[in-house]
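Heads up, the thing below is written out as structure tokens.
A short reminder: the numbers here are calculations on the coordinates, not readings from a lab. Owing to the predicted nature of the structure, the values given are computational and were not obtained by experimental measurement. Cβ atoms come from the backbone with ideal geometry, glycine included; neighbour counts cover every protein chain shown.
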Amino acid sequence: MTSSPTSAGAAGEPLARETGEPEAPAAHDANLHHPEDLAVDMSDTDLDALLKRLHLANARRVWRDLVQRAEAEQWAYRDFLVVLAAEEVAQRRQTRIQRLSHRACFPFLKTIDDFDFSFQSTLRLSLLGSALSPEFITDGRSLILTGKPGRGKTHLAIAVAYRAIQNGFDALFVTAAELIDDLSAAFREGRLTDALERYVHPDLLVVDEIGYLTYGTDAANMLYHVVNGRHRDEHAMVFTSNKNPDAWGAVLHDDDLAQAIVDRVLERGRHLKLDGPSMRTRHLGLDAPVASGATSHPLARISGKTEPEFPEPTEVIAWCTRALLTRSNGAA
């Protein structure tokens, strides 16, 4: 493999003097062995064996192609080593992401780039910025995503977890029903402490669908153990629900424990509401479109409907009602 003056200069270490004589080794290189001093035959087979011994699997696959490219483009030796090492690092990172994604038990894989924010009246990507950063995990922050079915809550929760994996952390996805059933069974069998480790240990825990199904009477107790342990260790959490947090008491059969759960989650967390049409049925036009000038602080509605089923009477309706009543009384 040869080196052009330009590439050697870019590497910062010329391979030979301009006179063609080899450079004398520096004092700190006195212990380096020269190829002629090595008692091995530097054949392709031997290089493969050395790379295998160093567990450089990707380097074993790509080094021959890189050698050909380096010779054709006259790379410096240092440039070749940099590219070979970078290829190995990139492959290991991708392998780690795939392994952790599989271990996270995602029901499907979604990224933040797949989410269409144009159907949301108040939620914007900027509001999720902190949840997509490494600090969301290292600071032990939390997020509660609420909204009607089909609004993309699970999509966003998985996207946040996948970004955490890309940032070098591990994550676990579980539905609320699965978590509660698992811990309830473990409690009855006397192994609750061991079972809790699966949910308390990961850097990020996603608990999906709080409020969709009916839980046992110990639901709040089981979920509290998880939230309290993660809050104590400052581990990040993401929850999705079709009910506002102040209604979790009725879902979990214990108002006090539900309040304690929400209190711990929101101490270092935020509550974001998703609106707009259902992503599953928007092609049918069943939901009213979100107004472009929708207020960011809508009035609270117990029913959760965007418009009242029975509008308040206006002055015109009231006048017509009085006229009908007067006509009816006159006829009587």
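Amide H contacts of Ser121: Asp275, Gly276, each under 5 Å away and 5 or more positions distant or on a separate chain (H built 1.01 Å from N in the peptide plane; Pro and chain starts excluded). Taking amide H as placed 1.01 Å from N in the peptide plane, the amide H of His271 sits under 5 Å from that of Ile144, each at least 5 places away or on another chain. Oblate is the label for the range 37-99, because the ratio a/c of its alpha-carbon gyration tensor axes (a ≥ b ≥ c) is 1.5 or higher and a/b is not greater than b/c. Along the range 74-80 the Karplus relation, 6.51 cos²θ - 1.76 cosθ + 1.60 evaluated at θ = phi - 60°, assigns HN-Hα couplings of 6, 5, 6, 4, 4, 4, 4 Hz to successive residues, with x for each Gly and Pro. Net charge in the neighbourhood of Arg230 (other residues with Cβ under 14 Å of its Cβ; Lys, Arg +1, Asp, Glu -1) is -3.
Between Asn167 and Thr45, what's the calculated FRET efficiency when r is the beta-carbon distance and R0 is 35 Å? Round to 0.05. Once rounded, the FRET efficiency stands at 0.35. The base-10 log of I(q)/I(0) for the range 112-284, evaluated at q = 0.10, 0.14, 0.15 Å⁻¹, reads -0.36, -0.71, -0.81 [Debye formula, identical scatterers on Cα atoms, solvent excluded].
The lysines within cross-link reach of Lys110, meaning a Cα-to-Cα straight distance under 24 Å and a gap of 8 or more places when in the same chain, are Lys148, Lys153, Lys243, Lys273.
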